[in-house]
Amino acid sequence: MNVVHFENVFKEYTLGDSQVHALKNINLKIEDGEFLAIAGPSGSGKSTLLNLIGCIDTPSSGKIYINGQDTSGQTPDQLSELRARTIGFIFQTFNLFSVLSAEENIEYPLLQFKELDTAKRCERIVRFLDIVGLKAFARHRPNQLSGGQRQRVAIARALATEPKIILADEPTANLDHKTGEGILQLMKEINRSSHTTFIFSTHDTRVMAVADRLVHIEDGQLIEGSIASV
C-alpha cells in the first residue's frame, strides 16, 4: 500500500513580482514501511516536498494522497486532523518545549486526542520513553539533556501519536558523528519493528547510506533511484 502518492504536483510561490517554481510535475509513491531519504542541495525543493507530505502546505496543482486520503479541497481543520493522526515530525533543532519535562513534551500532542484519558496517555509516555531508552530521564527538562537525548525525546513524541508516517527534517544535523549514528540506528530499529514509514530530508550521507530508497531532487524535479535494502 502507498502511504504517500503524488500525481503531477506543482508548487509555485509569488515573491514580489516573481513566480518561484518550487516543485515541477512531481510523481512519487512511497510504500507503507519504507525508510526513504530525500536528498538535494539547498533550494532544491526538498523542504517544500516534505511540507506537502506533512499537510503543512498545499499544492498549486496536482493530487496528493496521504494514507489513502485525497487532500485536495480539504479545509485547514481537516488537514490538521489528518496531520495529527497520521504524521509525526522530527526536526534538526528538536523543537521541544523548554519549560516541559521529557514526559510532558511527549504528552503534549496527545492532549488533543479526546479518546485518550490520563491513564492511556501515561501508558504511551512510559512505552515510548522505554523504546528510546530514556525512562530514567522522564522528568528532566531539555536543558538537562544532551543533544542526543533531546532528539530521542523528539522521536518518542513523534511516535506517541502512533502515526503511519514520520517526517524527519535533517534529524542528525546538530548531532556529533557517534550520536547521529546511534539515532539513525534507533530509527531504523523502530522502522523495522513497527513498520512505521520514515521519510527524511537530508544532506547527511549516513542517512542516505542506510535508506531503503534514495530520491534526489534538483531544481524542483525528482531524480529517483533505488539502493539496496539494508
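The values are calculated or read from the model by the stated rules, or taken from the named source; none is laboratory data. What you are looking at is a predicted structure, and each value in this text was computed from that prediction instead of being measured. Here Cβ is always computed from backbone atoms with ideal geometry, including for glycine, and neighbour counts include all displayed protein chains.
Miscellaneous remarks
- Test result for LEU159, of a type outside the set (S, T, N, Q) and either in a loop (DSSP other than H, G, I, E, B) or over 25 Å from LEU82 (Cα atoms) (or both): no
- Some residue of the range 173-196 being buried (at least 17 other Cβ atoms within 10 Å of the Cβ) and closer than 15 Å to LEU96 by Cα: no
- In this structure, GLY40 does not satisfy being at pLDDT 95 or above, touching an Asp or Glu at 6+ places or on another chain (Cβ under 7 Å) and not β-branched (Val, Ile, Thr).
- Taking the range 132-156 as the range and being of a type in the set (S, T, N, Q) and either touching a Leu at 6+ places or on another chain (Cβ under 7 Å) or part of a helix (DSSP H, G or I) (or both) as the test, the residues that pass are ASN143, GLN144, GLN149, GLN151.
- The set of residues in the range 197-208 being in contact with a Leu (Cβ under 9 Å, 6 or more places away or on another chain) and either surrounded by fewer than 19 Cβ atoms within 10 Å (Cβ to Cβ) or of a type in the set (D, E, K, R) (or both) consists of ASP204, ARG206, MET208.
- Single unsatisfied condition, TYR65 versus (1) closer than 30 Å to ARG150 by Cα; (2) at pLDDT 95 or above: (1)
- Residue within the range 109-116 that is outside any helix (DSSP H, G or I) and within 21 Å of the chain's Cα centre (by Cα) present: yes
- Number of positions in the range 200-215 that are more than 18 Å from GLN185 (Cβ to Cβ) and under 11 Å from the mean Cα position of the chain (by Cα): 1
- Residue check: GLU103 meets all listed conditions (1) closer than 26 Å to LEU184 by Cα; (2) within 19 Å of the chain's Cα centre (by Cα) but one, namely (2).
- Residue match in the range 58-73 (condition: over 24 Å from ALA160 (Cβ atoms), out of contact with any strand residue (DSSP E or B) (no Cβ under 7 Å at 6 or more places or on another chain) and touching a residue at least 12 places away in the same chain (Cβ under 8 Å)): yes
- Subset of the range 117-143 (residues that are hydrophobic (A, V, I, L, M, F, W, C) and either over 21 Å from the mean Cα position of the chain (by Cα) or exposed (fewer than 15 other Cβ atoms within 10 Å of the Cβ) (or both)): ALA119, CYS122, VAL126, ALA136, PHE137, ALA138
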